[in-house]
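The values are calculated or read from the model by the stated rules, or taken from the named source; none is laboratory data. This one's a predicted model, so the numbers in the text were calculated from it and none came from an experiment. Note that we place each Cβ from the backbone using ideal geometry, even for glycine, and neighbour counts take in every protein chain shown. Accessible surface areas use protein heavy atoms only, side chains included; no ligands, DNA or RNA. Shrake-Rupley method; radii C 1.70, N 1.55, O 1.52, S 1.80 Å.
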Amino acid sequence: MFAFLTTCVFMYDIVADCSDNVPTRYLVNDACVLSGKPLVSASALRMEGQLTVYNYNGGPCYRCLYPVPPPPETVTNCSDGGVLGVVVGVMGCLQALEVLKIASGQKSSFGQQLLMFDAQDSRFRCIKLRAKQAGCVVCGETPTVTELQDYESFCGSAATDKCRRLNLLSAEQRVSVQEYKSIVDCGTPHLLLDVRPKVEVDICHLPVSIKIPLASLEDQNADHINFLKEKISELKLQMSSELQVPVYVVCKLGNDSQKAVQLLEKMSGTELERITVKDIIGGLMAWANKIDPSFPKY
Ligand SMILES: [Zn+2]
C-alpha cells in the first residue's frame with residue numbers, strides 16, 4: 001500500500017490532505033517530502049478549522065511541527081467530537097483555492113503560515129509557524145526517514161476515525177455488553193455511570209444510569225463529585241455488606257468511559273469511598289448493536 005501511495009503521489013504535482021486521522025497525516029506528509037510535492041492541508045473539528053501548506057517554498061513539513069505523534073487518547077476526532085458540515089465546506093473551499101493558486105503559478109499565502117477559522121465568532125486568524133527544522137527526520141539535513149513506514153504502529157492508532165478504539169485498561173477492568181446485561185438481569189446492585197456530554201445524553205440513555213460528563217470528572221466538578229458520592233453511599237446502605245460498590249461506566253463508543261475508569265480508580269479510597277470500577281466495552285453503540293436493536297444509534 002505504501003509503495004502504491006508513493007507512486008500515486010509522484011503522478012501529481014500538488015497533494016491536498018483532507019484526511020481525518022494522525023497516521024494518515026504523517027503518511028501523506030512523508031510521501032510529499034520524499035517526492036518533493038507541496039501538501040495543502042486542511043482540517044476541521046467542531047466549530048474550528050485550520051489550513052496550511054507544508055513542504056512548500058522552503059517552509060516546514062508536518063513533522064517539523066509535530067516530530068512526535070500525540071498520545072492516541074488525547075486526540076479528539078470528528079466521530080467523537082463532532083464537526084459542523086459548513087466548517088468543513090469553508091475549509092475545503094479555501095484548500096481548493098490554495099491548490100489553484102499553486103497550480104496556476106501564483107504563490108500560496110500559507111507556506112509558513114497557519115490560517116485558523118473560528119466559526120463560533122466568525123473570525124479568521126493567521127499565525128506564523130516555526131521554520132523548517134534542520135533536525136527533521138524526513139525533510140532535515142540528515143533524514144532518517146527515507147521511505148514510507150508503518151504509520152499505524154508509529155502513531156499507536158488506526159488510520160481511521162470511524163472505529164477508533166482506545167485500549168487503556170486491562171481485561172479485568174472491562175465487561176462486555178452481554179456481561180453487563182446479565183448483571184442487570186440478575187438484579188445485582190450496581191451504579192451505571194454515563195459519562196457522555198449532556199447533549200448526547202439528551203438524545204438517548206439507559207433509564208437506570210446516572211449522568212456525569214467525563215469533563216466534570218477531569219475538572220473535579222464539586223457538585224458532580226458530591227452527587228456521585230451520594231449515589232455511592234445510598235447503594236452502600238442498600239447492599240448492607242462490606243463489599244465495595246460496583247460502578248460500571250458507559251459512553252458512546254467505549255473510549256471516554258475508559259478514561260473515566262482511570263480517573264475514578266484514582267479517586268477510589270480518597271475523594272470517593274472505595275469502589276470497583278469497570279468499563280462497558282463498545283459503549284451504548286455496542287448495546288444498541290448486540291442487546292437492544294431499538295436503542296437509538298447516532
Ligand atoms: Zn520536516
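Here residue 62 fulfils each of the conditions (1) at pLDDT 95 or above; (2) within 16 Å of the ligand (Cβ to nearest atom); (3) open to solvent by 50 Å² or more (accessible area, probe 1.4 Å) apart from (3).
Among the numbered conditions (1) touching a Leu at 6+ places or on another chain (Cβ under 9 Å); (2) modelled with pLDDT under 95; (3) basic (Lys, Arg), the only one that residue 162 does not meet is (1).
Among the criteria (1) away from the ligand (no atom under 16 Å from the Cβ); (2) aliphatic (A, V, I, L, M); (3) farther than 17 Å from residue 15 by Cα, the one residue 103 does not fulfil is (3). The set of residues from segment 25-36 being in contact with a helix residue (DSSP H, G or I) (Cβ under 7 Å, 6 or more places away or on another chain) and either crowded, with 20+ Cβ neighbours inside 10 Å or not assigned by TED's automatic domain parsing to the domain that holds residue 52 (or both) comprises 25, 26, 27, 29, 31, 32.
Conditions (1) free of Cβ contacts under 8 Å to residues at least 12 places away in the same chain; (2) over 29 Å from residue 296 (Cβ atoms); (3) part of a loop (DSSP other than H, G, I, E, B); (4) open to solvent by less than 40 Å² (accessible area, probe 1.4 Å), marked per residue:
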site	(1), (2), (3), (4)
228	no, no, no, yes
231	no, no, no, no
243	yes, yes, yes, no
249	no, no, no, yes
252	no, no, yes, yes
261	no, no, no, yes
265	no, yes, no, no
270	yes, yes, yes, no
278	no, no, no, no
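Scanning segment 211-265 for residues that are of a type in the set (Ser, Thr, Tyr), closer than 18 Å to residue 187 by Cα and modelled with pLDDT under 95 yields 240, 241. For segment 1-16, taking the residues that are within 24 Å of residue 68 (Cβ to Cβ) and at pLDDT below 95, the one that is most open to solvent (accessible area, probe 1.4 Å) is identified as 1. Among residues belonging to segment 13-37 that are of a type in the set (Ser, Thr, Tyr) and more than 13 Å from the ligand (Cβ to nearest atom), point out the one that is nearest to residue 141 (Cα to Cα). Once the filter is applied, the top-ranked residue is 35.
Close contacts from segment 131-153, counting a first residue that is open to solvent by 70 Å² or more (accessible area, probe 1.4 Å) and near the ligand (Cβ under 9 Å from one of its atoms) and a second that is at pLDDT 95 or above and outside any loop (DSSP other than H, G, I, E, B), with Cβ to Cβ under 7 Å and a gap of 6+ residues or different chains, come to 132/64.
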